[in-house]
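A short write-up of the structure that comes next.
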Amino acid sequence: MNNRTYTALVVPANNAEPLRIEQVAADLQALEALVGGPLESVIRGDWHVYLNAESVITLLPLNVRADQLMHECGLDLNGIRGTAVFLGRGEHGAEADIPDHLARLAEELFGAPLAA
């Protein structure tokens, strides 16, 4: 990871909180702060998602929207807990901005433009 910032899709577990597009620092501390603990990464094609690796142990709330978004992309993990942070994957697995197609899919699924 490096200290650059990238455009990420942040999907809070709390359905009352809006999904948002924001600039995030691609460093361990910043990403752990967003997900609320140690990182776990799931890779899918041109994007990946950071999750809290201890979410089951700490019983974070289920994240239905992140589950649904990943399901629509062909990835069934079922039981995603806590905030999910989606980023793109650049050359050689480097961080990148979230792909437009993933941001559009999130907007279509959840019926509102993403909060910036």
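Of the residues S41, S55, which is in contact with a strand residue (DSSP E or B) (Cβ under 7 Å, 6 or more places away or on another chain) and within 11 Å of T83 (Cα to Cα)? Working first, answer last.
Values: S41 fails: within 11 Å of T83 (Cα to Cα).
Only one candidate passes the filter, namely S55.
Failed condition for L77, given (1) without any contact (Cβ under 8 Å) to a residue 40 or more places away in the chain; (2) more than 23 Å from L28 (Cβ to Cβ), with all others met?
Among (1) without any contact (Cβ under 8 Å) to a residue 40 or more places away in the chain; (2) more than 23 Å from L28 (Cβ to Cβ), the lone unmet condition for L77 is (2).
Checking V35 against (1) among the β-branched types (V, I, T); (2) touching a Gly at 6+ places or on another chain (Cβ under 7 Å); (3) surrounded by fewer than 19 Cβ atoms within 10 Å (Cβ to Cβ): exactly one of these is not met. Which one?
Every listed condition holds for V35 apart from (3).
Anything in the range 48-74 that is touching a residue at least 40 places away in the same chain (Cβ under 8 Å), open to solvent by 50 Å² or more (accessible area, probe 1.4 Å) and part of a loop (DSSP other than H, G, I, E, B)? List them, or say none.
The answer is P61, and nothing else.
Suppose the filter is at pLDDT below 90 and open to solvent by less than 20 Å² (accessible area, probe 1.4 Å); does I80 pass it?
Values: at pLDDT below 90: yes; open to solvent by less than 20 Å² (accessible area, probe 1.4 Å): yes.
So I80 fits the description; yes.
The values are calculated or read from the model by the stated rules, or taken from the named source; none is laboratory data. This is a predicted model, so every value here is computed, not measured. Neighbour counts are summed over all protein chains in view; Cβ atoms, including those assigned to glycine, are modelled from backbone coordinates with ideal geometry. What goes into the accessible areas is simple: the full protein's heavy atoms, side chains included, and nothing from ligands, DNA or RNA. Shrake-Rupley method; radii C 1.70, N 1.55, O 1.52, S 1.80 Å.
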